[in-house]
Amino acid sequence: MGKPLLFFGLVCSAVAVSAAAVTIAFKATTNISTDPYTQQQIKTEVEPDTYSNGSTIVSAFQVGRFAGGGCLNIGWATSNDNGKTWQHGFMPGITKYQGNGKYDRASDASVAYDAKDKVWMVSSLAAYDGGGSLAVPAIVVNRSTDGVNWQNPVYVFNEGTQGFVDKNWTTCDNWQTSPFYGNCYTEYDAPQSSNEIYMSTSTDGGLTWGAPQITADNASGLGGQPVVQPNGTVIVPIGSGSLDHLQSFVSNDGGKSWSATQPITQIDPHSEANSLRSPPLPSATIDNTGRVYVAWADCRFESNCAANDIVMTTSTDGVNWSPVVRIPTDSVGSNVDHFIPGLTVDRSTGGMSAHLSLTYYYYPKADCSGTACELRVATVESTDGGQSWTKLSEISSRPVDWSTVPVTDQGPMVGDYISSSFGSAGVAFPVFAMSETLADGSLNAADGLVMDSTAQSVTSFFSNVLSMSNVENKPRVFVRPEPVLNARSSHIVQHWATLF
């Protein structure tokens, strides 16, 4: 029997910007984090977020996943030299497993950087386990000036020992042109109140946070990702409370008030085979002109809603949104199922020259079952604001070994989201969870995976270099098919209320 391996892969990618074609080559991977805990699903790390500033790239993720929700602690991995070397560790002061924290579980790591105050922050959920009665009453933020040395957490929100909040996401206003430069914003929702949306604002580098604010229409939502325009306008794309449509709301006064939600479009989800936990959450990013890009998994372009594509819409004001387009990772009707996207943009670019990078999971055959479902990871890039895209680049060397994937009460899980960020050299670093089975506990030279000979499984972050040179595989122009009317999934569509 081979040893099961569940790990995070971190890959850097670059696109040669020219009229010539592009190809892809891989270098060896480097282990940059390993789960040390043994109390829960052993050696499991899932659901990474990332953010970058200059040559520093910070990722945070769940470590030691509980089947019933959350994890033993939040882990971090940081490079201060554009991915050449990495340091890693685990957040102090959140849970009982590191730094005398008082909580039993944590979840939903979100990474941000405040350029004005020169501070990194990772927000996460904090939970008590009352012996079958789980309470998630708090959102906390760990802060760091270098992405390596982390302080004990402060509260964004704290309801004591009761309550339930979910799906926090934090961002900061890093535009010196903004009247609210240095403000940071955290979005979250309350499942016990029909997923009511809340926003909290910090004006002091995340040290203190204001009282939670609601939208003008007291809306419900799930999975919002706030982004900030150069003029200080905050735009929050977010799913509805049941993730059946996409909506947005804005603030023009530095988070003192929030508009009513505006509908963007319906979400037409195909539920993935093997009951994979893959909610169609939006992934949002913003370029240096203030254009917002939002991607999610959707089946509207496929006959009988037989598979998901990754689709995208854009906006310059958070109110008016472009028609939904399909990112051409594969041809329509290919039976390839795409889901859990992580979209990013090089923030030094914008408009028709915006450099986008999209990483996502996929099944080569949507109608698979059991171990025949090959869960893989790929990436595509665009250097013209999403008008054309490279052919997909496979960045998972092998499909997932299903025996290593953490189980949850909503299906097997690699993460409700994944993430990618550009370093200062114009290279994107996707971070994703992946698993394999190796024949023994020795070094796998092909992938550079260093096994722990004392453990039955190893979960790690790895660094891998993805480069493109001028050979073949020209970028493909968007295919713009019409959505299939009344498309609905052939699988039972899950209705998501909480995603702890």
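The values are calculated or read from the model by the stated rules, or taken from the named source; none is laboratory data. Being a predicted model, the structure only gives us computed values, none of them experimental. Cβ atoms come from the backbone with ideal geometry, glycine included; neighbour counts cover every protein chain shown.
Things worth noting here:
- Taking every residue in region 203-216 that is over 15 Å from residue 123 (Cα atoms) and pairing it with any residue that is in a loop (DSSP other than H, G, I, E, B) and of a type outside the set (A, V, I, L, M), at least 6 positions away or on another chain, the pairs with Cβ-Cβ distances below 6 Å are 203/183; 213/258; 215/258; 215/261; 216/259.
- The condition of being surrounded by fewer than 24 Cβ atoms within 10 Å (Cβ to Cβ), out of contact with any strand residue (DSSP E or B) (no Cβ under 7 Å at 6 or more places or on another chain) and without any contact (Cβ under 8 Å) to a residue 60 or more places away in the chain holds for only one of 252, 288, that being 252.
- Selection count where residues are part of a loop (DSSP other than H, G, I, E, B), surrounded by 24 or more Cβ atoms within 10 Å (Cβ to Cβ) and without any contact (Cβ under 8 Å) to a residue 60 or more places away in the chain, scope region 226-248: 1
- If the condition is being under 18 Å from residue 96 (Cα atoms), at pLDDT 95 or above and not hydroxyl-bearing (Ser, Thr, Tyr), then region 137-170 contributes 137, 138, 139, 140, 141, 142, 150, 151, 152, 153, 154, 158.
- Hey, residue 183 at pLDDT 95 or above and more than 22 Å from residue 310 (Cα to Cα) or not: yes
- Of all residues in region 143-168, those satisfying the criterion of being crowded, with 24+ Cβ neighbours inside 10 Å, in contact with a Ser or Thr (Cβ under 9 Å, 6 or more places away or on another chain) and among the hydrophobic types (A, V, I, L, M, F, W, C) are 150, 156.
- Taking first residues from region 162-187 that are of a type in the set (Lys, Arg) and partners that are modelled with pLDDT of 95 or more and in a loop (DSSP other than H, G, I, E, B), the Cβ contacts under 6 Å between residues at least 6 apart in sequence or on separate chains come to 167/223.
- Test: residue in region 289-310 that is among the aromatic types (Phe, Trp, Tyr), more than 20 Å from the chain's Cα centre (by Cα), in a strand (DSSP E or B) and within 19 Å of residue 236 (Cβ to Cβ): no
- For region 119-139, the condition holds for no residue, the condition being that it is among the charged types (D, E, K, R), out of contact with any Lys or Arg (no Cβ under 8 Å at 6 or more places or on another chain) and over 15 Å from residue 48 (Cα atoms).
- Given (1) within 16 Å of residue 344 (Cβ to Cβ); (2) over 18 Å from the mean Cα position of the chain (by Cα); (3) surrounded by fewer than 24 Cβ atoms within 10 Å (Cβ to Cβ), index of the condition residue 423 fails: (2)
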